[in-house]
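Following: one structure in structure tokens, then a few remarks.
Each reported figure results from applying straightforward, stated rules to the coordinates on display, with no laboratory input. These figures come from a predicted structure and were not determined experimentally. Neighbour counts are summed over all protein chains in view; Cβ atoms, including those assigned to glycine, are modelled from backbone coordinates with ideal geometry.
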Ligand SMILES: [Zn+2]
């Protein structure tokens, strides 16, 4: 594990995991070799579990400041969500 001490550190790690997971998912979709597919999937799953840990930690540390927002799901339909301004934790 890393040496995170602040919410900002954890947020940075979480965002990094997010980016890597996104990239790995693309690689997995384009991958034709079974061995590489398994390798990439394991790596993706590992990052996913790291990300979950970071989210848990952030959630524990953050004194949430919730704000309401409208999010477009399709152009003419939006849903109201409540999310934390600091850590982006979202309530549905
Ligand atoms: Zn928060």
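Things worth noting here:
- Per-pair calculated FRET efficiency, R0 = 25 Å: residue 92 and residue 72 via Cβ, rounded to 0.05: 0.95
- The chain: relative contact order as a whole-number percent, Cα under 8 Å and 6+ apart: 24
- Computed [θ] at 222 nm, deg cm²/dmol, the chain (DSSP H ≥ 4; -39,500 (n - 2.57); rounded to nearest 500): -20000 deg cm²/dmol
- Cα→Cβ-extended label distance, 7 Å offset, between residue 49 and residue 32, nm: 3.2
- For segment 7-61, the relative contact order works out to 56 percent when only alpha carbon pairs closer than 8 Å and six or more residues apart are counted.
- Rounded to the nearest 10 degrees, the inclination of helix 34-61 to the longest alpha-carbon principal axis of the chain is 20 degrees.
- The Rg/Rh ratio for segment 7-61, using Cα coordinates for both the radius of gyration and the Kirkwood hydrodynamic radius, is 1.09.
- Based on the reciprocal of the average 1/r between different C-alpha atoms, the Kirkwood radius for the chain equals 15.1 Å.
- In degrees, nearest ten, helix 7-30 long axis to first principal axis of the chain (Cα): 40
- Each of the peptides 42-53, 65-76 was scored by the mean count of other Cβ atoms within 10 Å over its residues; in descending order, highest first, they stand as 42-53, 65-76.
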